[in-house]
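Enquirer: Before I ask anything, let me first share the structure, which is written out below as structure tokens.
The values are calculated or read from the model by the stated rules, or taken from the named source; none is laboratory data. The structure presented is a predicted model; accordingly, all values stated were derived computationally and were not measured. Positions of Cβ are backbone-derived with ideal geometry, glycine not excepted, and every protein chain shown enters the neighbour counts. Surface accessibility is based on the protein's heavy atoms, side chains included, excluding ligands, DNA and RNA. Shrake-Rupley method; radii C 1.70, N 1.55, O 1.52, S 1.80 Å.
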Amino acid sequence: MEEKKVLYSAVQPTNNLTIGNYVGAIRNWVQLQDEYRCYYAIANMHAITVRQDPAALRKNTLQLLALYIACGIDPEKCVLYVQSHVPCHAELAWVLNTITYVGEMERMTQFKDKSARHAENINMGLMDYPVLMAADILLYQADVVPVGIDQRQHLEITRDIAIRFNNRYSPTFTVPEGIYGKVGAKINDLQDPSKKMSKSGDDPNGAIFLSDDRDTVIRKLRRAVTDSEACVRYDPENKPGVSNLLSIYSVMTDKSIEESQKEFEGKGYGEFKLAVGEAVADRIEPVQAEQKRLLADKGYLESVLKSGAEQAFRTARKTLDKVYRKIGFYQGDR
Ligand code: TRP
């Protein structure tokens with residue numbers, strides 16, 4: 001039997017996830033878990049590159065784990081773990097730091113953006129973020145890395161670092177390919193449909209969080225920006241607001257855009273928005289219920305993390321030993 005290819009991805013345990021994250025990431029992860037040997041990490045070491053409230057960070061970690069599982073990620077099929085539980089990440093990042101240039105890191109778009117947004121806290125970790133991400137991916141010899149398009153540059157530098165190491169020493173790392181979110185399933189901000197729906201958007205009414213209750217979902221949709229044509233038609237160019245709502249409806253109900261559009265023929269925006277709200281709530285309520293049930297079973301969640309960390313460590317340590325050998329770290333009889 002041919003071995004499955006390795007897939008690696010991670011999400012930071014910060015804030016709430018939006019329905020955009022669900023559509024763009026988690027839902028795809030669920031679909032990929034049979035085809036690949038999957039490692040899914042909760043990237044708490046990346047999270048602290050911007051200021052975090054310790055209690056919130058701790059709480060979000062378990063919440064995110066429960067959410068993953070509630071969305072259908074199966075801990076029996078995948079390795080689900082917390083980044084800081086596997087010390088190899090920090091160790092490999094240190095080695096990779098020595099073959100990565102300051103200039104390369106200074107040129108990273110996300111570093112420049114975040115430096116502007118957090119001018120009071122441009123710490124070394126923020127600059128080193130892509131190297132830690134390279135360590136994450138390379139430790140598991142990942143073949144593919146599904147990420148949002150905003151992570152493309154980080155993936156490119158990961159490839160550069162892998163190739164550089166392989167050339168300087170000898171072939172050690174698999175050079176990973178990025179899989180960038182499918183087009184067509186993108187969800188935009190409800191208040192500014194020219195922007196991607198994001199957990200850190202300016203207007204809290206622009207994003208629907210997976211933790212929002214039915215009333216909140218319906219209220220946010222009622223306020224969503226549309227247009228004055230009063231016709232439910234998919235036309236992202238001229239009707240970005242309405243088209244975005246149609247996309248949301250279509251994704252949440254598993255109906256095609258055409259089918260969804262037909263359903264609202266001759267109907268007003270009020271009725272349309274309410275239907276979108278109900279569809280979103282119908283879809284996320286069972287996930288929330290399952291997440292809540294899981295959070296009440298801390299023993300189970302901890303057993304998932306323990307087993308995840310053990311499995312991850314075994315693979316990661318193998319790669320790290322190889323790296324240490326190649327760079328000349330004396331390892332005794334290890
Ligand atoms: N930087 C990624 C993000 O914010 C999260 C992440 C950390 C990641 N390590 C990773 C994604 C490794 C893919 C692979 O989205």
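Enquirer: Return the only residue of Val79, Val102, Val144, Val86 being more than 30 Å from Glu35 (Cα to Cα) and either over 18 Å from the mean Cα position of the chain (by Cα) or open to solvent by less than 40 Å² (accessible area, probe 1.4 Å) (or both). Please lay out each step first, then the result.
Expert: On the way: Val79 fails: more than 30 Å from Glu35 (Cα to Cα); Val144 fails: more than 30 Å from Glu35 (Cα to Cα); Val86 fails: more than 30 Å from Glu35 (Cα to Cα).
None of the others qualify; the one that does is Val102.
Enquirer: Inspect segment 209-222 for any residue being within 21 Å of Asn15 (Cα to Cα), surrounded by 18 or more Cβ atoms within 10 Å (Cβ to Cβ), acidic (Asp, Glu) and outside the structural domain of Val50 (by TED's automatic domain parsing) and give the result as yes or no.
Expert: Scanning segment 209-222, I find at least one residue that is within 21 Å of Asn15 (Cα to Cα), surrounded by 18 or more Cβ atoms within 10 Å (Cβ to Cβ), acidic (Asp, Glu) and outside the structural domain of Val50 (by TED's automatic domain parsing), so the answer is yes.
Enquirer: Which of (1) under 16 Å from the mean Cα position of the chain (by Cα); (2) in a helix (DSSP H, G or I) does Lys112 not meet, given it meets every other one?
Expert: (1)
Enquirer: Moving to a separate point now. Being modelled with pLDDT under 95 and among the small types (Gly, Ala, Ser) is the filter; apply it to segment 11-60 and report the residue that is nearest to the ligand (Cβ to nearest atom).
Expert: Looking at the filtered set, the residue picked out is Ala25.
Enquirer: Scan segment 138-169 for residues that are within 11 Å of the ligand (Cβ to nearest atom) and closer than 22 Å to Lys4 by Cα and jot them down.
Expert: Answer for segment 138-169, where residues must be within 11 Å of the ligand (Cβ to nearest atom) and closer than 22 Å to Lys4 by Cα: Leu138, Leu139, Tyr140, Ala142, Val144, Val145, Pro146, Val147, Leu155, Thr158.
Enquirer: Evaluate the following for Ile73: is it in contact with a strand residue (DSSP E or B) (Cβ under 7 Å, 6 or more places away or on another chain), assigned by TED's automatic domain parsing to the domain that holds Thr319 and in a loop (DSSP other than H, G, I, E, B)?
Expert: Working: in contact with a strand residue (DSSP E or B) (Cβ under 7 Å, 6 or more places away or on another chain): yes; assigned by TED's automatic domain parsing to the domain that holds Thr319: yes; in a loop (DSSP other than H, G, I, E, B): yes.
Considered against the rule, which asks whether it is in contact with a strand residue (DSSP E or B) (Cβ under 7 Å, 6 or more places away or on another chain), assigned by TED's automatic domain parsing to the domain that holds Thr319 and in a loop (DSSP other than H, G, I, E, B), Ile73 comes out as yes.
Enquirer: Next question, about the same structure. Going by the conditions given, is Ser198 under 30 Å from Arg317 (Cα atoms) and touching a residue at least 24 places away in the same chain (Cβ under 8 Å)? Full working, then the answer.
Expert: Details: under 30 Å from Arg317 (Cα atoms): no; touching a residue at least 24 places away in the same chain (Cβ under 8 Å): yes.
For Ser198, the condition - under 30 Å from Arg317 (Cα atoms) and touching a residue at least 24 places away in the same chain (Cβ under 8 Å) - is not met.
Enquirer: I've got another one for you. Name every residue in segment 110-127 that is within 13 Å of the ligand (Cβ to nearest atom), free of Cβ contacts under 8 Å to residues at least 60 places away in the same chain and open to solvent by less than 70 Å² (accessible area, probe 1.4 Å), in order of residue number. First the steps, then the outcome.
Expert: Filtering segment 110-127 down to residues within 13 Å of the ligand (Cβ to nearest atom) leaves 110-111, 113-114, 125-126.
With the extra rule that they be free of Cβ contacts under 8 Å to residues at least 60 places away in the same chain, the set shrinks to 110-111, 113.
Correct list: Gln110, Phe111.
Enquirer: Here are some conditions: (1) free of Cβ contacts under 8 Å to residues at least 24 places away in the same chain; (2) open to solvent by less than 70 Å² (accessible area, probe 1.4 Å); (3) not assigned by TED's automatic domain parsing to the domain that holds Asn21. Asn166 meets all but one. Which one does it not meet?
Expert: That leaves (3) as the condition not met.
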